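Enquirer: Below: one structure in structure tokens.
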Amino acid sequence: MAFIKKISTNTLTDKELIALFKESEDMTVLGELYQRYMELVYGVCLKYFKEPETAKDSVIHIFEELVTKLKKHEVDNFKGWLHQVAKNHCLMQLRTPKNLKVVEFKPEFVQNEENVHLNGVLEKEENFQKLEYCLGTLTDDQQSAIRLFYLEGKCYNEIVEMTGQDWNFVRSCIQNGRRNLKICMEKNESGVRSQESGAGKKI
């Protein structure tokens, strides 16, 4: 993209570049890594902000965020992780008073109303901690399928290829995992409200 300086590519993998950056703190290394996925980040930002210039500014800001974020996290799938970082950045910006507005959600993968509900939950950054907890309550197969489908944007066929599992099994894992995740998060939300109500009565 023209608004970020192009850096010559090399043959190192994403994980190798991450390790090299953590060791050297060389911004050129981080720039090389980010260069590979700038189009993806820009697309995510444009989806939320609907304004090219705002999206371009966010691409720069997200790059700056990576300087500290990459040092704190162990990242196995940089592309998927970066997609989530970009999404979180956009959501946080949209929640500031000057940017507070309704954001249209286009559920490309939605199959029913329950799916719409879950996507709505995933769109709210305040639910991320509860989401991580509830993901941990799922079976390994369900958790993997949910992460790939919702958090990394993979389609059924891509998940089948990545996991080597049967298409119907993947579909079952996503549907059952989605249902269990919804139940867990709603239960967690109810528990928080009950605790707040109890605290209010003691005062």
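Enquirer: Taking interchain pairs and intrachain pairs at least six residues apart, which have beta carbon atoms under 7 angstrom, with the first residue in region 76-90 and under 12 Å from PHE49 (Cβ atoms) and the second buried (at least 20 other Cβ atoms within 10 Å of the Cβ) and of a type in the set (S, T, N, Q)?
Expert: Pairs that qualify, where the first residue is under 12 Å from PHE49 (Cβ atoms) and the partner is buried (at least 20 other Cβ atoms within 10 Å of the Cβ) and of a type in the set (S, T, N, Q), are HIS89/SER58; CYS90/SER58.
Enquirer: Next up: Would region 19-37 turn up any residue that is closer than 18 Å to CYS90 by Cα, surrounded by 12 or more Cβ atoms within 10 Å (Cβ to Cβ), without any contact (Cβ under 8 Å) to a residue 40 or more places away in the chain and among the hydrophobic types (A, V, I, L, M, F, W, C)?
Expert: no
Enquirer: Please verify whether region 62-72 includes one or more residues that are charged (D, E, K, R), at pLDDT below 90 and outside any helix (DSSP H, G or I).
Expert: Checked against the condition, which is being charged (D, E, K, R), at pLDDT below 90 and outside any helix (DSSP H, G or I), region 62-72 yields no hits at all.
Enquirer: Do you know which of the residues in region 5-19 that are out of contact with any helix residue (DSSP H, G or I) (no Cβ under 8 Å at 6 or more places or on another chain) and β-branched (Val, Ile, Thr) is modelled with the highest pLDDT?
Expert: This residue is THR13.
The values are calculated or read from the model by the stated rules, or taken from the named source; none is laboratory data. Given the structure is predicted, the values throughout are model-derived calculations rather than measurements. When we count neighbours, we look across all protein chains shown, and the Cβ atoms used for this are built from the backbone with ideal geometry, even at glycine.
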